[in-house]
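Working notes, beginning with the structure itself.
The values are calculated or read from the model by the stated rules, or taken from the named source; none is laboratory data. Remember, it's a predicted structure, so these values are computed and weren't measured experimentally. Cβ placement follows ideal geometry from the backbone for every residue including glycine, while neighbour counts extend to all protein chains displayed. Surface areas here come from the heavy atoms of the whole protein model, side chains and all, with no ligands, DNA or RNA. Shrake-Rupley method; radii C 1.70, N 1.55, O 1.52, S 1.80 Å.
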Amino acid sequence: MPYSPADQDFMARALKLAERGLATTMPNPRVGCVLVRDGAVVAEGWHERAGEAHAEIVALRAAGEAARGAVAYVTLEPCCHHGRTPPCVDALIDAGIARVVAAMKDPNPLVSGAGLAKLQAAGIAAEAGVSEEKAREINIGFVTRMQRGRPWVRLKIAATLDGKTALANGASQWITGPEARVDGHAWRARACAILTGIGTVRADDPHLTVREVAAPRQPLRIVVDSGMSIGPQAKVLAGGGALVVAARENAVKAATLRATGSETLLIPGADGRVDLAALMRELGERALNEVHVEAGPILNGALLREGLADEVLLYLAPSLIGNRAYGMFDLPELSSLAQRRALDLRDVRRIGADLRILARTLHPQ
């Protein structure tokens, strides 16, 4: 149905509120809510973290009696089931809300239209669809997990203009400038997990933590290490809480890693390496919405080949290295240009001296 300019403006505000939860709401979706009466905003709210009040409840509490007869603009269909908190639809009904406008239906099968139906059954005008694409983008990981049973996977890469990510000796710090590094940490902060391979651990010994921006929480650190060869002194294991995923059992090494506070997980594939598709299903079952990958060409290429990479976040530095250097993806040689992998450019912008490109892979959804 067509929506008025006012509907679109109030939803735009609700979406801005939802973005405040980019780094905090997981595994819940990011949601904002604006209450409007007689054309004026009477209250607003956003969901901050799992277990705390949903956006609608925050807004209703702020509005008090002013909520009666108001229109609620919410970026995701209000929930109608008991989770950690009571159903939002009941609170909206009890508050006397006259109309509910949602940006999109909730992809969670526990809701999936039932929230709107319950509101309508209570005599409240309720619909979804205004700014739906923007709402979906804010919760792309949550939507992917609900619909495909796995997280949204983003490959972050820093490279030179000739597509090189490191020198032949493995040195890669720093290809891009400080502004790009800060921006990259902001993308880390919104992820549920940061994933890398054992090759990157050996070459760079990364922490895989959020340091350049405010971090209300640290994402889970995951290392794909088929032979469980990682040393207990690796920086990625510091402080405990990391996950090492292997394809071959090593009871002694597993005990050593558990002593650091890390978890080990065995997911063998047919080729003697970690079964990446099974790993992503496991991460989906663990309620991880977005996985941010900072790895080398071998793991990047494997994720692409298996159709598990959804997005490429590429920072290009205005410099050249030359042929004897590492590339971005280890992929099979093509015999025809028709075999090349197509990408959909979603955003291109300057970050300091570097260029940031956000591109979506075009694999079956």
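Taking Val182, is it open to solvent by 20 Å² or more (accessible area, probe 1.4 Å), of a type outside the set (Phe, Trp, Tyr) and assigned to a helix (DSSP H, G or I)?
Against the criterion (open to solvent by 20 Å² or more (accessible area, probe 1.4 Å), of a type outside the set (Phe, Trp, Tyr) and assigned to a helix (DSSP H, G or I)), Val182 qualifies.
When residues of region 14-73 are filtered for being hydrophobic (A, V, I, L, M, F, W, C) and part of a helix (DSSP H, G or I), how many remain?
13
Just to be sure, is Ala23 farther than 25 Å from Pro151 by Cα, open to solvent by less than 40 Å² (accessible area, probe 1.4 Å) and of a type outside the set (Phe, Trp, Tyr)? Let's see the steps before the verdict.
Working: farther than 25 Å from Pro151 by Cα: no; open to solvent by less than 40 Å² (accessible area, probe 1.4 Å): yes; of a type outside the set (Phe, Trp, Tyr): yes.
In short, no.
Ser319: of a type in the set (S, T, N, Q), open to solvent by less than 60 Å² (accessible area, probe 1.4 Å) and closer than 25 Å to Asn169 by Cβ, yes or no?
So Ser319 fits the description; yes.
If I ask for residues that are more than 27 Å from Pro29 (Cα to Cα), of a type in the set (Asp, Glu) and either at pLDDT 95 or above or in contact with a Pro (Cβ under 8 Å, 6 or more places away or on another chain) (or both), which ones from region 179-216 would you list?
Glu179
Within region 213-242, track down each residue that is in contact (Cβ under 8 Å) with a residue 40 or more places away in the chain, surrounded by 21 or more Cβ atoms within 10 Å (Cβ to Cβ) and within 16 Å of Arg188 (Cβ to Cβ).
Matches in region 213-242: Pro219, Ile222, Val236.
Is there any pair with a first residue in region 282-311 that is closer than 18 Å to Ala270 by Cβ and a second that is open to solvent by 30 Å² or more (accessible area, probe 1.4 Å) and in a strand (DSSP E or B) whose Cβ atoms are under 9 Å apart and which are 6 or more apart or on different chains, and what are they?
Close Cβ pairs (under 9 Å, with a partner that is open to solvent by 30 Å² or more (accessible area, probe 1.4 Å) and in a strand (DSSP E or B)) amount to Glu282/Leu265.
Hey, can you tell me all the residues within region 87-142 that are under 20 Å from Pro2 (Cβ atoms), open to solvent by less than 20 Å² (accessible area, probe 1.4 Å) and of a type in the set (Gly, Ala, Ser)?
Ala102, Ala103, Ala126, Ala135
Out of Val100, Val89, report the one residue that is of a type in the set (Val, Ile, Thr) and at pLDDT below 95.
Just one listed residue meets the conditions, Val89.
Residues to consider are Leu288, Leu304, Leu257; find the one that is in a helix (DSSP H, G or I) and closer than 29 Å to Arg341 by Cβ.
Numbers: Leu288 fails: in a helix (DSSP H, G or I); Leu257 fails: closer than 29 Å to Arg341 by Cβ.
After ruling out the rest, the residue left standing is Leu304.
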